[in-house]
């Protein structure tokens with residue numbers, strides 16, 4: 001599947017700092033709509049920092065700051081007039097470690113919709129979100145039990161369902177399978193394809209696993225020491241990379 005011509009996210013001259021340390025350096029890239037984009041690169045290259053800039057999560061970290069523009073659906077999310085809560089509704093986030101809230105499965109899913117005043121059709125939201133995350137059949141008879149009773153893989157899919165419940169346009173995932181077993185990881189990977197193909201969601205996935213990036217992505221971004229070294233269709237980046245460092249990383253030499 002070739003990437004869409006229309007960007008869902010357009011990033012212009014993005015810089016990110018932790019105090020005096022410059023973690024991202026003049027990143028300019030367009031992320032295609034309704035595609036799975038893999039963000040890859042060596043440890044410490046700025047992958048997690050990059051996606052945290054895309055829903056203004058980075059600014060919640062002390063001494064962190066962002067410069068540049070991130071335009072999502074035509075809106076610069078760093079415009080001072082922008083509602084940050086609305087941005088985080090439109091751009092969901094799933095973290096490396098599953099982080100269910102200390103409440104029931106039902107309450108985990110409906111927490112976001114209630115916060116955002118989406119109080120109509122909550123039963124449909126609950127069922128639809130869990131179905132979309134491939135979890136409904138596994139939990140439909142125990143919706144009022146603690147989310148902590150779920151397995152690690154189920155907890156991660158619950159977190160995805162929780163993100164889906166507020167009807168985002170984009171979902172960001174920071175190494176979502178790194179703490180999971182191979183079977184659970186495969187379920188998450190399959191889910192990414194469904195989010196793209198069935199629900200029309202733009203997905204960005206940070207991964208340190210080159211083989212996973214090749215399996216799941218339509219578009220690939222390669223970061224190195226805070227710089228955007230290469231980006232393009234997954235086929236091009238993996239089969240005919242422009243930069244020697246990209247090739248070495250893909251082949252396990254970097």
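Of all residues in the stretch 172-194, which are without any contact (Cβ under 8 Å) to a residue 40 or more places away in the chain and outside any helix (DSSP H, G or I)? Break it down into steps so the answer makes sense when it comes.
At the first step, the residues of the stretch 172-194 found to be without any contact (Cβ under 8 Å) to a residue 40 or more places away in the chain are 177, 180-186, 188-189.
Hits for the stretch 172-194 are 177, 180, 181.
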Quick one: how many residues across the stretch 102-140 are surrounded by fewer than 16 Cβ atoms within 10 Å (Cβ to Cβ), out of contact with any strand residue (DSSP E or B) (no Cβ under 9 Å at 6 or more places or on another chain) and either on the phi > 0 side of the Ramachandran plot or part of a loop (DSSP other than H, G, I, E, B) (or both)? 6
Identify all residues within the stretch 198-215 that are in contact with a helix residue (DSSP H, G or I) (Cβ under 9 Å, 6 or more places away or on another chain) and closer than 19 Å to residue 91 by Cβ; write none if there are none. 199, 201, 202, 203, 204, 205, 206, 207
In the stretch 141-158, is there at least one residue being touching a residue at least 60 places away in the same chain (Cβ under 8 Å), within 10 Å of residue 100 (Cα to Cα) and not in a loop (DSSP other than H, G, I, E, B)? yes
Tally, over the stretch 79-100, of residues that are more than 21 Å from residue 201 (Cβ to Cβ) and either crowded, with 17+ Cβ neighbours inside 10 Å or within 18 Å of the chain's Cα centre (by Cα) (or both): 1
In the stretch 195-212, which residue that is under 13 Å from the mean Cα position of the chain (by Cα) and outside any strand (DSSP E or B) is surrounded by the fewest Cβ atoms within 10 Å (Cβ to Cβ)? 196
Scan (1) touching a residue at least 12 places away in the same chain (Cβ under 8 Å); (2) surrounded by fewer than 19 Cβ atoms within 10 Å (Cβ to Cβ) for the single condition residue 57 breaks and write down its number. (2)
Could you tell me whether residue 242 is outside any helix (DSSP H, G or I) and surrounded by fewer than 17 Cβ atoms within 10 Å (Cβ to Cβ)? yes
Looking only at the stretch 213-237, filter to residues that are assigned to a helix (DSSP H, G or I) and crowded, with 21+ Cβ neighbours inside 10 Å; which one of those is farthest from the chain's Cα centre (by Cα)? 237
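Looking only at the stretch 160-171, decide whether some residue is over 16 Å from residue 105 (Cα atoms), within 18 Å of the chain's Cα centre (by Cα), outside any loop (DSSP other than H, G, I, E, B) and modelled with pLDDT of 95 or more.
Within the stretch 160-171, the subset over 16 Å from residue 105 (Cα atoms) is 167-171.
Cutting the leftovers down to within 18 Å of the chain's Cα centre (by Cα) gives us 167-171.
Narrowing further to those that are outside any loop (DSSP other than H, G, I, E, B): 170-171.
Then keep just the ones that are modelled with pLDDT of 95 or more; that gives 170-171.
Among the residues of the stretch 160-171, at least one is over 16 Å from residue 105 (Cα atoms), within 18 Å of the chain's Cα centre (by Cα), outside any loop (DSSP other than H, G, I, E, B) and modelled with pLDDT of 95 or more, which makes the answer yes.
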Only one of (1) more than 15 Å from the chain's Cα centre (by Cα); (2) surrounded by 15 or more Cβ atoms within 10 Å (Cβ to Cβ); (3) farther than 16 Å from residue 163 by Cβ does not apply to residue 65, and that is (2)
Among the residues of the stretch 24-47, write down those that are modelled with pLDDT of 95 or more, under 21 Å from residue 225 (Cβ atoms) and surrounded by fewer than 21 Cβ atoms within 10 Å (Cβ to Cβ). 25, 26, 28, 29
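The values are calculated or read from the model by the stated rules, or taken from the named source; none is laboratory data. Since we're looking at a predicted model, the values are computed, not measured. Cβ sites come from the backbone with ideal geometry, for glycine too, and all protein chains shown count toward neighbours.
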